[in-house]
Amino acid sequence: MGFLSTILGFCGFGVGVSLGLVIGYFLFIYFQPDDVKDPIVRPLIEQDTETLQRLLPEIPLWVKNPDFERVDWINTFLQHMWPYLDKAICKTAKNIAKPIIAEQIPKYKIDSVEFQKLTLGTLPPTFQGMKVYVTDEKELIMEPSLKWAGNPNVTVAVKAFGLKATVQVVDLQVFASPRITLKPLVPSFPCFANIFVSLMEKPHVDFGLKLVGADLMSIPGLYRLVQELIKDQVANMYLWPKTLEIPILDESKAMKRPVGILHVKVVRAMKLKKKDLLGASDPYVKLKLTEDKVPSKKTTVKHRNLNPEWNEEFNVVVKDPESQVLELNVYDWEQVGKHEKMGMNVIPLKELPPDEPKEMTINLLKSMDPDDSLNGKSRGQLVVELTYKPFKEEEITVNFEDLNPAQTAPEGTPDGGGLLVVIVHEAQDVEGKHHTNPYVRILFRGEERKTKAVKKNRDPRWEEEFNFTLDEPPTDEKMHIEVLSASSRIGLLHPKESLGYIDISLADVVSNKRINEKYHLIDSKNGRIQIEMQWRTS
């Protein structure tokens, strides 16, 4: 019986398989679904940006984005220098981590946290591309796209409640977009005084965490919790505009020291052109040395006068008489609106003999461009008297801040308080989605101040000053400055839009008495704004 059932089972299996193949073939041939469509095949050139990045995720950014530059040479450099960079970076990381750990462990009742092993492994990070920005503030800004899939060995020993646990970090992956600022640029090697590092977005961090040989990250829910916690903690510390500052050089020693004083006497102007509707002008002179960040010095305004006489004297600190140039600009003062430039010229300091007064009559030009055809038009003349007095060797160590004392607050300023002066200079690369008529709004202590709007201009210049009289120094306060664009057309569609903003801490203004910086606007692709602030006390 057993043999017979085996034979019948085998025959039934063969018949079933054969019958199934015949029925399947019949259904495949004669019963195809109607909703299946042929795929649409298009050339890559016709695909949009999002589709291309989804199809080709590993293509470097310098291929996909024209703003990024190719930096293969950096990757080659890192590959050869990584054994030495590994030791230097680990030493720096320990120095940064020690005070942070010492501050945090008492909160969690931990006795100690120590690094038993700290090495970044043999695999260096790679740069997929880099953006580079050059500003007028003697700084260099770089935004690389960084990917690192490394094999580090980071072992940390934690002691608490009399017990000791060893935690090991393995299989680390980091994808980040840092902003690295070299500032200020100085004429001493390595040519920058500080490195400022911040993150433009939350980094992607992936790693394994071993405790007593077991991978803790395999516990359900723990992986995502730890990853988000690290992202948030790193973002709170270094997400732009917050920065990690790494000092390289003593800035005061790296910068050139003053070597002399230039005495400038603005005597008079002659045959200036009429700028006002009533047939006159209200001229004044602004002067400054190139390569100097201090504010320009100004004469008084001579109202309704085409041949004004000033006889006003100024002292300017000289750091490099071979390369610095005295810039002289004559403006027509306007009660409302922008002051109109009447003419300009420059005088190289190397043309001045030391310790000898020299009176010069210079022709006013439209610009210093030798190919500017408008320079041939007469704009008047300016008479100045210059004396360059170089320091003697024993005078080089003088405190030169006394030569340009800080301005004081006006009478009536409250005792213990002061005058906060905000000067909105200019902005660059600001652009709206619907219109670009930028103006600046300042919010501080509930007060709102606005500049005038500059129509259809991505690089507006305002040069407007605002004053805030305060009862006490604003050491723990911030000022909100926002660039907005208002539609020039009457209508309710897109009447106003934000082009970017910044929040400036006023502690540096109070301690340094003056700052003059270019800031990168938040929520703006490349926008920057130059703001000068002064804290004047009586």
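The values are calculated or read from the model by the stated rules, or taken from the named source; none is laboratory data. All values derive from a computational prediction rather than experimental measurement. Cβ: placed from backbone, ideal geometry, glycine included. Neighbour counts: every protein chain shown. Side chains included, ligands, DNA and RNA excluded: accessible areas come from the protein's heavy atoms. Shrake-Rupley method; radii C 1.70, N 1.55, O 1.52, S 1.80 Å.
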query = Restricting to strands (runs of 3 or more DSSP E) lying wholly in the range 429-538: which have 3 or more residues that are of a type outside the set (K, R)?
reply = 438-444, 461-470, 478-486, 496-505, 514-520, 528-536
key: Enumeration of residues in the range 296-311 that are under 14 Å from V264 (Cβ atoms), loosely packed, with under 15 Cβ neighbours inside 10 Å and at pLDDT 85 or above   = N311
task = State whether the residues of the range 198-217 include one that is farther than 19 Å from K242 by Cα and at pLDDT 80 or above.
result = no
ask   = Quick one: in the range 226-250, which of the residues that are at pLDDT 75 or above and among the β-branched types (V, I, T) is surrounded by the fewest Cβ atoms within 10 Å (Cβ to Cβ)?
value = I246
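Residues are listed down the side, and each one gets a yes or a no for (1) closer than 25 Å to T387 by Cα; (2) in contact with a Cys (Cβ under 7 Å, 6 or more places away or on another chain); (3) among the polar types (S, T, N, Q); (4) free of Cβ contacts under 8 Å to residues at least 60 places away in the same chain:
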{"position": "K265", "(1), (2), (3), (4)": "yes, no, no, no"}
{"position": "L277", "(1), (2), (3), (4)": "no, no, no, yes"}
{"position": "K288", "(1), (2), (3), (4)": "yes, no, no, yes"}
{"position": "E291", "(1), (2), (3), (4)": "yes, no, no, yes"}
{"position": "S296", "(1), (2), (3), (4)": "yes, no, yes, yes"}
{"position": "W310", "(1), (2), (3), (4)": "yes, no, no, yes"}
{"position": "E313", "(1), (2), (3), (4)": "yes, no, no, yes"}
{"position": "K350", "(1), (2), (3), (4)": "yes, no, no, yes"}
{"position": "D355", "(1), (2), (3), (4)": "yes, no, no, yes"}
ask   = When you look at K94, is it part of a helix (DSSP H, G or I), modelled with pLDDT of 75 or more and either hydroxyl-bearing (S, T, Y) or open to solvent by 100 Å² or more (accessible area, probe 1.4 Å) (or both), yes or no?
value = no
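Kindly provide the set of residues from the range 150-163 that are open to solvent by 50 Å² or more (accessible area, probe 1.4 Å), in contact with a Ser or Thr (Cβ under 9 Å, 6 or more places away or on another chain) and without any contact (Cβ under 8 Å) to a residue 40 or more places away in the chain, ordered by number. Please lay out each step first, then the result.
So the first thing to find is which residues in the range 150-163 are open to solvent by 50 Å² or more (accessible area, probe 1.4 Å), and the list is 151, 159, 161-163.
Add one more test, that the residue is in contact with a Ser or Thr (Cβ under 9 Å, 6 or more places away or on another chain), and what stays is 151, 159.
The answer is N151, and nothing else.
What are the residues in the range 368-384 that are in a loop (DSSP other than H, G, I, E, B), among the small types (G, A, S) and open to solvent by 30 Å² or more (accessible area, probe 1.4 Å), if any? Reasoning before the result, please.
Within the range 368-384, the subset in a loop (DSSP other than H, G, I, E, B) is 368-372, 377-380.
Filter again for among the small types (G, A, S), leaving 378, 380.
If the condition is that a residue be in a loop (DSSP other than H, G, I, E, B), among the small types (G, A, S) and open to solvent by 30 Å² or more (accessible area, probe 1.4 Å), then S378 is the only one that fits.
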message = Between G380, G343, G337, which is among the small types (G, A, S) and out of contact with any Gly (no Cβ under 9 Å at 6 or more places or on another chain)?
response = G337
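Out of all the residues in the range 451-465, is one or more among the small types (G, A, S) and without any contact (Cβ under 8 Å) to a residue 24 or more places away in the chain?
no
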ask   = In the range 342-359, how many residues are open to solvent by less than 80 Å² (accessible area, probe 1.4 Å), farther than 11 Å from V325 by Cβ and in a strand (DSSP E or B)?
value = 5
key: Residues of the range 140-161 that turn out to be in a strand (DSSP E or B) and more than 13 Å from the chain's Cα centre (by Cα), as a count   = 14
Residue in the range 60-72 that is under 19 Å from I246 (Cβ atoms) and at pLDDT 75 or above present = no
inquiry  = I need a count of the residues in the range 101-139 that are in a helix (DSSP H, G or I), aliphatic (A, V, I, L, M) and open to solvent by 80 Å² or more (accessible area, probe 1.4 Å).
reply    = 0
